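Data first, discussion second: the structure below is written as structure tokens.
Coordinate-derived values only; no laboratory data. Predicted model, so just to flag it, every value in this text is computed and none were measured. Note: ideal-geometry Cβ built from the backbone for every residue, glycine included; neighbour counts use all protein chains shown.
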Amino acid sequence: MPEKILLPLDGSKIGEAAVPYVEDLLSKLSLKVKTEVTLLRVIASQTHYVMAGETGARVPYTEKEMEQIKKEAANYLNKTGKGLRSKNVVVKIRVAVGNPAEEIIKAADEINADLIAMSTHGRSGIRRWAFGSVTDRVLRGGNKPILMVRAPREAMKT
């Protein structure tokens with residue numbers, strides 16, 4: 001049985017598709033097994049676009065802006081983790097900056113996760129090639145078991 005679960009979230013309903021599966025899994029675990037769930041939010045972009053007329057430029061976020069983004073990410077994780085906490089699960093939060101797949105693999109190794117539970121858009125063919133797949137990169141690049149949950153169609157429409 002997994003004792004440490006890493007649950008990467010991107011702030012979207014699609015990204016949250018794995019949460020109910022983790023909650024269900026935890027409800028079936030023995031009460032003797034103390035389970036720890038680490039909620040991870042990776043901030044991928046460290047820049048934003050600034051428009052001046054018809055011209056735009058990519059500008060890095062200031063240190064103050066990055067701190068605000070990290071604070072908002074932590075608040076989101078705390079809010080999302082309330083359901084898990086109500087089941088007497090130890091919930092930790094973690095905010096990272098960088099490439100999402102690399103940061104997920106790194107966090108899983110650092111916390112010695114027994115399982116990574118994450119959602120997937122379920123893209124295939126040209127859409128997968130064009131948009132990439134963080135889940136696929138974690139699956140191929142990491143060494144931890146992964147529970148992949150395809151997001152419901154309703155979540156993909158919002």
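Over all Cα atoms in region 4-157, the spread is summed up by Rg and Dmax: 16.8, 62 Å. Length gained on full extension, D114 to M51, computed as 0.36 nm times the residue gap minus the Cα-Cα distance: 18.2 nm.
I146's amide H: which non-local residues (gap 5+, or another chain) put their own amide H closer than 5 Å, with H modeled 1.01 Å from N in plane and none for Pro or chain starts? Here I116 satisfy the definition. For R41, neighbours were defined as the other residues whose beta-carbon sits under 10 Å from its Cβ, and their charges (Lys and Arg +1, Asp and Glu -1) total -1.
On a 28 Å Cα-Cα criterion, which of the cross-link pairs K4/K64; K64/K92; K64/K144; K34/K64; K64/K87 come out too long? Result: K4/K64; K64/K144; K34/K64; K64/K87 exceed 28 Å. For region 56-96, taking Cα atoms only, Rg and Dmax work out to 14.4, 48 Å respectively. Here the Karplus curve 6.51 cos²θ - 1.76 cosθ + 1.60, taken at θ = phi - 60°, turns the phi angles of region 4-13 into couplings of 10, 10, 9, 10, x, 10, 10, x, 10, 5 Hz, with x standing for Gly and Pro.
Annotation: the residues S119, S133, S45, sorted from fewest to most other C-beta atoms within 10 Å of their own C-beta, follow the order S45, S133, S119.
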